[in-house]
1. Read through the list (1) within 30 Å of Thr4 (Cα to Cα); (2) more than 12 Å from the chain's Cα centre (by Cα); (3) not hydroxyl-bearing (Ser, Thr, Tyr), then give the number of the only condition that Arg135 fails.
2. Let me confirm something: among Ala10, Ala46, Ala51, Ala42, which residue is open to solvent by less than 60 Å² (accessible area, probe 1.4 Å) and touching a Phe, Trp or Tyr at 6+ places or on another chain (Cβ under 8 Å)?
3. Got a number for residues in region 56-96 being open to solvent by less than 10 Å² (accessible area, probe 1.4 Å), of a type in the set (Gly, Ala, Ser) and within 11 Å of the chain's Cα centre (by Cα)?
4. So, in region 54-69, exactly how many residues are at pLDDT below 95 and touching a Pro at 6+ places or on another chain (Cβ under 6 Å)?
5. For region 105-134, how many residues are at pLDDT below 95, within 24 Å of Ala61 (Cα to Cα) and open to solvent by 30 Å² or more (accessible area, probe 1.4 Å)?
6. Which condition number does Val38 fail, the rest of (1) under 15 Å from Asn77 (Cβ atoms); (2) assigned to a helix (DSSP H, G or I); (3) modelled with pLDDT under 90 being met?
7. Where in region 44-117 are the helices (runs of 4 or more DSSP H), entirely inside, with at least 1 residues that are in contact (Cβ under 8 Å) with a residue 40 or more places away in the chain and basic (Lys, Arg)?
8. Suppose we filter region 3-26 for residues that are over 18 Å from Val94 (Cβ atoms) and in contact (Cβ under 8 Å) with a residue 12 or more places away in the chain; how many remain?
Amino acid sequence: VSATLWPEAAELGVGWVAMHRQGTPATMQIAPTYDDVVAEVAGFLAAQAQAALAAGVAPEAIVVDPGIGFGKTVEHNLELIRNLPALARLGYPVLLGASRKAFIGKILGLDVTERDFPTAVLAGLCVHGGADLIRVHNVTLTRQAVQLAAAVEAAP
């Protein structure tokens with residue numbers, strides 16, 4: 001699917017997000033496995049970015065997304081989040097969409113309606129860890145958490 005969109009994205013001069021997922025929506029959460037989730041996801045994203053560049057997509061239009069929750073276990077998600085700097089080293093902005101995800105509920109035993117506060121904490125950690133863009137549901141709470149994390153990071 002991506003290959004058919006790259007020329008159109010290039011022609012229109014719009015942004016393009018390379019997102020990783022293992023399997024299809026129907027199968028991706030059935031025992032996902034990786035030898036090295038960070039290396040495999042980074043390799044996939046790098047290859048997708050290179051293919052988009054070859055099709056004419058501008059380098060500044062490319063964003064990479066590790067696909068948190070898309071064919072990944074709780075442990076895979078945590079390992080990818082902990083290793084965001086490895087994805088940032090690809091040289092493209094990193095997008096993270098972990099808002100209200102099931103892995104948060106599994107870790108904390110929370111229903112989806114109770115996940116905004118943990119999502120905000122996670123967003124602060126992710127921005128500190130190298131995420132450039134965050135997809136969230138509760139913007140106000142997340143902004144506060146990210147601002148607080150930035151203040152801690154900037155403190156002398």
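1. Failed condition: (2).
2. Ala51
3. Of the residues in that region, 1 qualify.
4. Looking only at that region, the number is 1.
5. 2
6. So Val38 meets the others, but not (3).
7. Those helices (runs of 4 or more DSSP H) span 74-82.
8. Restricting attention to region 3-26, the residues satisfying the condition of being over 18 Å from Val94 (Cβ atoms) are 3-14, 22-26.
Going one step further and asking which of them are in contact (Cβ under 8 Å) with a residue 12 or more places away in the chain, we end up with 3, 6-7, 9-11, 13-14, 22-23.
Qualifying residue count, region 3-26: 10.
The values are calculated or read from the model by the stated rules, or taken from the named source; none is laboratory data. For clarity, every value in this text was computed on a predicted model and none was experimentally measured. No Cβ is skipped: glycine too gets one built from the backbone with ideal geometry, and neighbour counts run over all protein chains shown. Each accessible area value is taken on the protein alone, full model and side chains, heavy atoms only, with ligands, DNA and RNA left out. Shrake-Rupley method; radii C 1.70, N 1.55, O 1.52, S 1.80 Å.
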